[in-house]
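The values are calculated or read from the model by the stated rules, or taken from the named source; none is laboratory data. As the structure is a prediction and not an experimental result, all values here were calculated from the model. Heads up, the Cβs are rebuilt from the backbone with ideal geometry, glycines too, and the neighbour counts pull from every protein chain shown. For the accessible areas, the whole protein counts, side chains as well, though only heavy atoms, and no ligand, DNA or RNA atoms are used. Shrake-Rupley method; radii C 1.70, N 1.55, O 1.52, S 1.80 Å.
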Amino acid sequence: MRTGMQHGPEIWLRGPVARPHDLSSVTPRRFSWVATHGGAGTTTLAAVYGGHDCGRNWPGPDAPRSVLLVARTHAAGLDAVTRAVGTFR
């Protein structure tokens, strides 16, 4: 028996999301991307999201102070990020 109600996930039913308030005056936060292993993707992240690509080096004095460690989600990448966090701990 059909009741005329729509069925499906909420995202399909609610329609487009309203635009947020004007963000033109907000300054984006800048990051230093630090790779925990080779091929982690810091160059790609810096190109897409901005910030400073540090490669596998710690950021210099003129780089953004917020640091994001980058690793792939395979076993070797997760092992590398575990070692890096252990070092900083």
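Pairing each residue of the range 27-40 that is free of Cβ contacts under 8 Å to residues at least 24 places away in the same chain with any residue that is in a loop (DSSP other than H, G, I, E, B) and not aromatic (Phe, Trp, Tyr), provided the two are 6+ apart or on different chains, yields C-beta distances under 7 Å for PRO28/GLY50. Against the conditions (1) part of a loop (DSSP other than H, G, I, E, B); (2) open to solvent by less than 90 Å² (accessible area, probe 1.4 Å); (3) at pLDDT below 95, MET5 satisfies every one except (2). Of everything listed in (1) open to solvent by less than 60 Å² (accessible area, probe 1.4 Å); (2) at pLDDT 70 or above, the single unmet condition for ARG29 is (1).
The residue of the range 48-89 that is farthest from PRO28 (Cα to Cα), among those that are open to solvent by less than 100 Å² (accessible area, probe 1.4 Å) and of a type in the set (S, T, N, Q), is THR82.
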